[in-house]
Amino acid sequence: MMRFSLRFKLTAAFLSITLIFIILIGTCVNLILERQFKSYILDQQAKKDAEIVQTLETRYADWGNKWDSAGLETLGVGALGESLMLRISDGQENVLWDAMTHNKGMCATILQNMAANMRGRNVGVKGGYAEKSYPILVNSQVVGHVVIGYYGPYFYSDSDIRFLDGLNRLLLLAAGGATLISFVFGAYMAKRLTSPISRVIKAAGQISKGNFDDRIHEDSNTKEIVELTDAINTLAQTLGKQEALRKRMTADVAHELRTPVANLQSHLEAMIDGIWKPEPERLKSCHEETVRISKMVSDLEKLARFEGENLVLVKSRFDLSKLLDKITGSFANDFRNKRIRLEMDNHEIFLTADEDKVEQIIINILSNALKYTPDGGTVCIRTERQDKNIEISIRDNGLGISLEDLPYIFDRFYRADTSRSRATGGSGIGLAIAKSLADAHGGSIRVVSELDKGSEFIVTLPA
């Protein structure tokens with residue numbers, strides 16, 4: 001299948017539209033002109049006939065109320081020059097002058113020329129020699145008759161043909177000029193429209209090769225083109241950030257796994273080589289490392305399951321306040337060990353949702369607050385019903401999150417402060433899991449935070 005470029009199609013479209021309009025306008029102009037010109041020719045013929053009759057009446061009076069043969073010949077020859085053949089007779093029907101008798105060959109030539117003109121302009125026109133007879137009146141008395149012969153029902157003279165041909169040439173010239181202008185303008189507009197698209201194609205090709213730094217800077221006053229270039233630039237920026245995050249995630253996972261695996265390897269090799277005895281304390285250390293690895297693998301499995309399309313929510317109606325009491329009770333020792341004060345603004349609120357998944361959301365956020373709140377700090381939990389939604393707020397006065405890190409904290413393995421996160425043992429998956437579960441319920445999580453002043457995570461779920 002033959003394919004054409006958008007620039008070619010746009011230029012061809014401009015040319016096609018212009019040519020269609022030129023043909024339509026040219027056809028309409030010619031049809032209207034032919035009709036109007038035909039009417040004009042008939043009017044002119046009637047005026048010429050009237051002028052001839054009036055001239056004969058005037059000359060008859062000037063000649064002393066009688067016919068002058070020389071004068072009639074002059075009038076007749078003059079009429080032949082205008083392609084009109086006269087036959088003049090007196091009051092008794094005696095022929096005084098006849099163009100056919102005067103020069104029959106010239107009359108035949110005139111008629112042939114008229115016929116050629118008419119057939120040239122109107123193919124298949126039906127016409128032939130026609131005559132009209134008029135009485136010559138002087139003092140209300142008929143003193144003679146004049147028969148005017150011509151190519152009927154109407155005819156175009158040589159000057160008429162030249163006028164029509166000149167007009168058609170002018171139309172063709174205008175059509176040629178319009179076509180040229182249309183081609184130039186169409187090519188220019190096509191270039192203006194397709195250049196940004198070509199640039200988008202090039203940028204998309206760079207993105208497909210993994211180069212996310214290329215940006216489109218071409219200006220355009222076309223709304224859709226601007227939206228397209230903005231979308232590609234945003235895509236490149238987002239993919240670049242995702243690629244950087246992926247590399248960072250790979251490095252983080254490698255780091256998190258390398259330390260426990262290295263410890264396990266060194267401890268086991270020492271015991272195998274007989275350097276260390278498999279004492280309970282050393283075996284406990286190996287067990288802790290395996291638990292650490294297992295927890296990370298478990299978090300990854302949870303994230304994959306919660307982000308998958310086949311996540312099934314088992315919804316039931318439960319009291320959110322009782323669930324929060326259960327969760328805070330399990331965290332009580334951890335908060336007590338860090339001397340963190342836990343404040344509750346909690347009252348009976350019933351919620352229809354997957355209780356286990358909601359519990360997972362709150363545990364992940366609360367454990368985050370525990371990790372990043374220093375000893376002696378405060379964590380507040382508040383619940384509130386708002387219209388058809390339930391809002392759960394978990395606020396701390398811990399480390400806080402910088403403005404640069406806020407947009408990415410729900411990305412998996414993203415950790416705002418790598419060194420402090422590692423110190424707490426976090427893998428950077430908890431918030432990603434919480435967001436996936438909130439989204440699955442049709443809810444959302446938002447965060448308000450300020451560096452070194454604390455953070456507030458607000459979970460909104462449909463009641």
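Quick notes on this structure:
- Summing charges over neighbours of SER195, with a neighbour being any other residue whose Cβ is under 10 Å away from its Cβ, gives +3 when K and R count +1 and D and E count -1.
- FRET E, pair SER69, GLN44, Förster distance 41 Å, beta-carbon r, rounded to 0.05: 0.90
- Computed over neighbours whose Cβ is under 14 Å from that of ASN94, the net charge equals -1, Lys and Arg +1, Asp and Glu -1.
- Among MET189, SER69, ASN337 the positive-end extreme of the charge dipole of the chain (Cβ point charges): ASN337
- Separation in nanometres of the label points that stand 7 Å from Cα toward Cβ, at ASP230 and ARG192: 2.0 nm
- Bridges between two residues of the chain, per DSSP, are antiparallel at a rate of about 90%.
- Most positive-pole-ward Cα, GLY442, PHE163, LEU431, against dipole of the chain from beta carbon charges: LEU431
- Peptides 266-277, 229-240, ordered by how many other C-beta atoms sit within 10 Å of their residues on average, highest first, read 229-240, 266-277.
- Fraction of antiparallel bridges per DSSP, the range 294-409 only, in percent to nearest 5: 70 percent
- Globularity index of the chain, i.e. its alpha-carbon radius of gyration over 2.2 N^0.38 Å: 2.26
- Other residues whose C-beta falls under 14 angstrom from the C-beta of ARG282 contribute a net charge of -4, scoring Lys and Arg +1 and Asp and Glu -1.
- Under 19 Å from the Cα of LYS388 - lysines, other chains or at least 8 residues apart: LYS315
- The chain: relative contact order in percent, alpha carbon pairs under 8 Å with at least 6 residues between: 10 percent
- Separation of the GLU384 and GLU34 label points, Cα + 7 Å toward Cβ, nm: 8.3 nm
- In plain terms, the chain from GLU269 to LEU313 could stretch by 11.3 nm, reckoned as 0.36 nm per residue minus the Cα-Cα distance.
- Peptide packing for 164-174, 12-22, 371-381, 435-445 was compared via the average number of neighbouring C-beta atoms within 10 Å per residue; ordered from the highest value, the list is 435-445, 371-381, 12-22, 164-174.
Coordinate-derived values only; no laboratory data. Every value quoted in this text rests on a predicted model; they were computed, and no experiment measured them. For neighbour counting, all protein chains shown are included, and Cβ atoms are generated from backbone atoms with ideal geometry for every residue, glycine included.
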